[in-house]
């Protein structure tokens, strides 16, 4: 089940080899308890991290509101930060009605068809003078498109008979699985405790 799968993914993160500390930073930009919307201006140096669509999304049922594959942007770490990871969940506001969620499918808040890679600053900066803690870490910006902050596992129809997929729980599980294959499984550290909270998505299914 999705809950079991998420629990297994979390267990994998916690049970790495002896001496290994894995703390996964899950920051929801729209949540008041984590006021980490940085005021630093967007950087204009270099290209933004590539927008990566989740592989096998449809088969896993891990899809955006409109059924398109979810996406994330991965900035590879380097040097002493090559085995350190930061994962950030994009905020976007919940859609509280089927009608409102249906409108989200016509934007990047509900469909990867409207997404473009965005330039990242603040805790994503590679400038050590601006971001001394995380400048050389592996940094992941998980794009928001499920309507319920990565916590749902349901399906509805809108007023026009279009299917709406509230699959945030599956998106979270599947993206973590993919990141594990890309190096997260070998992570040696995450951010300090003052900057993170664990998101137990398997306990908050819609």
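The values are calculated or read from the model by the stated rules, or taken from the named source; none is laboratory data. Bear in mind that the values here come from a model prediction, so they are computed numbers and not experimental data. Cβ: placed from backbone, ideal geometry, glycine included. Neighbour counts: every protein chain shown.
Observations on the structure shown:
- Complete set of residues in region 139-150 that are farther than 16 Å from residue 97 by Cα and either modelled with pLDDT under 95 or assigned to a loop (DSSP other than H, G, I, E, B) (or both): 143, 144, 150
- The set of residues from region 110-142 being crowded, with 19+ Cβ neighbours inside 10 Å and free of Cβ contacts under 8 Å to residues at least 40 places away in the same chain comprises just one member, 131.
- Among the residues here, residue 185 does not qualify as touching a residue at least 24 places away in the same chain (Cβ under 8 Å), under 16 Å from residue 58 (Cα atoms), in a helix (DSSP H, G or I) and in contact with a helix residue (DSSP H, G or I) (Cβ under 9 Å, 6 or more places away or on another chain).
- Among the residues making up region 79-107, those that are touching a strand residue (DSSP E or B) at 6+ places or on another chain (Cβ under 8 Å) and either more than 29 Å from residue 121 (Cα to Cα) or assigned to a helix (DSSP H, G or I) (or both) are 81, 98, 101, 102.
Residue-wise test of (1) modelled with pLDDT under 90; (2) under 16 Å from the mean Cα position of the chain (by Cα); (3) not in a helix (DSSP H, G or I).
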position: 156; (1), (2), (3): no, no, yes
position: 161; (1), (2), (3): no, no, yes
position: 171; (1), (2), (3): no, yes, no
position: 176; (1), (2), (3): no, yes, no
position: 180; (1), (2), (3): no, yes, no
position: 194; (1), (2), (3): yes, no, no
position: 197; (1), (2), (3): yes, yes, yes
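- Close contacts from region 58-74, counting a first residue that is without any contact (Cβ under 8 Å) to a residue 24 or more places away in the chain and a second that is in a loop (DSSP other than H, G, I, E, B), with Cβ to Cβ under 8 Å and a gap of 6+ residues or different chains, come to 58/67; 58/69.
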